[in-house]
1. Any residue that is in contact with a Pro (Cβ under 9 Å, 6 or more places away or on another chain) and free of Cβ contacts under 8 Å to residues at least 60 places away in the same chain - is there at least one of those in the range 214-232?
2. For the range 29-51, name all the residues that are modelled with pLDDT under 95, outside any helix (DSSP H, G or I), open to solvent by less than 80 Å² (accessible area, probe 1.4 Å) and not hydrophobic (A, V, I, L, M, F, W, C).
3. Report, by residue number, each residue of the range 52-72 that is more than 17 Å from the chain's Cα centre (by Cα) and either hydrophobic (A, V, I, L, M, F, W, C) or at pLDDT 95 or above (or both).
4. Looking at the range 93-113, is at least one residue farther than 28 Å from ALA208 by Cα, among the polar types (S, T, N, Q), in contact (Cβ under 8 Å) with a residue 24 or more places away in the chain and open to solvent by 10 Å² or more (accessible area, probe 1.4 Å)?
5. Would you be able to tell me the number of residues in the range 116-171 that are of a type in the set (Gly, Ala, Ser) and touching a residue at least 60 places away in the same chain (Cβ under 8 Å)?
6. Give the range 130-183 a look and list any residue that's aromatic (Phe, Trp, Tyr), buried (at least 20 other Cβ atoms within 10 Å of the Cβ) and either more than 17 Å from the chain's Cα centre (by Cα) or at pLDDT 95 or above (or both), or say none.
7. Determine which single condition ILE207 fails, assuming it passes every other condition in (1) open to solvent by less than 60 Å² (accessible area, probe 1.4 Å); (2) at pLDDT 85 or above; (3) in contact with a strand residue (DSSP E or B) (Cβ under 9 Å, 6 or more places away or on another chain).
Amino acid sequence: GTNGKTTTATLLYEMARMLGHRAGLLSTVCNYIEEEAIPTTHTTPDPITLNELLARMVQARCSYAFMEVSSHAAHQRRIAGLRFKEGLFSNLTRDHLDYHGTVENYRNAKKMFFDMLPAGSFALVNADDKSGLYMLQNTRANKYTYSLRSDADFRGRIIESRLDGTLLSFNGHEVEVNFTGRFNAYNLLAVYGAACLLGENPEKVLIALSRLVPVSGRFQTLHAPQKYTAIIDYAHTPDALTNVLTSIREVVGRRGHVITV
């Protein structure tokens, strides 16, 4: 998707390790092979670097590799030859038009990833995004959806929201998490659905979700003794910035004073 890739990929990596699996991560912030941190220069590496990192994960006996796939990577076929077990789509908003030219080209680059998923894999998409079902049109993967607004395979609801956390309901089961904002509820619901599709026990997944903490620079909250709260967020698209500010305003209401730097 446009927004949410880093959070969902990182949380899946952390959850897998929390549940006792050895895992690797390929992400915008940093690459990991178990606990070994490897600096990154691209969201998705070039094919040679990518396959080298995956080979090192195999050597480290990792069961899972979670990765962000950028639209550039799909269009440039950096992921050619890889067989994904599961693909996840979060959302589509305006971004990277300097490269793709039009929103339609950008969307179709994302869709290329789902078109290449093999039979027997899973495709999990956000049904609340207008491009979600579009991603499933030509995929051979088994199709699943998640939603905060309508019926879906994985249905979520926000019960209570605060700056230091949120009470959520996923498929009828409540879970208290250390994340704030509707966009994070979508990210966590995607993580929940993806983990369940990978065969993890839903109850254990919910327990793990309650223990996870925000990714560095993604709605990261710092509380001052003077009762100020600072929020650090990497929001670099109009939609992402709107999501952050809307989420803050929903929690603090009209009484709170919000300063954006």
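The values are calculated or read from the model by the stated rules, or taken from the named source; none is laboratory data. Note that the structure is predicted; figures quoted are calculated from it, not measured. We place every Cβ from the backbone using ideal geometry, glycine too, and count neighbours over all the protein chains shown. Ligands, DNA and RNA are excluded from the accessible area calculation, which covers all protein heavy atoms including side chains. Shrake-Rupley method; radii C 1.70, N 1.55, O 1.52, S 1.80 Å.
1. Yes, there is a match, as at least one residue in the range 214-232 is in contact with a Pro (Cβ under 9 Å, 6 or more places away or on another chain) and free of Cβ contacts under 8 Å to residues at least 60 places away in the same chain.
2. THR40, THR43, THR44, PRO45, ASP46
3. GLU52, LEU53, LEU54, ALA55, ARG56, MET57, VAL58, GLN59, ALA60, ARG61, CYS62, SER63
4. Yes, that holds for at least one residue.
5. 1
6. Across the range 130-183, the qualifying residues are TYR144, TYR146, PHE154, PHE170.
7. The failed condition is (1).
Matching residues to (1) of a type in the set (Phe, Trp, Tyr); (2) open to solvent by less than 40 Å² (accessible area, probe 1.4 Å); (3) farther than 23 Å from GLU86 by Cβ; (4) over 19 Å from the mean Cα position of the chain (by Cα):
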| position | (1), (2), (3), (4) |
| --- | --- |
| VAL191 | no, yes, no, no |
| LEU197 | no, yes, no, no |
| ARG211 | no, no, no, no |
| SER247 | no, yes, yes, no |
| HIS257 | no, no, yes, yes |
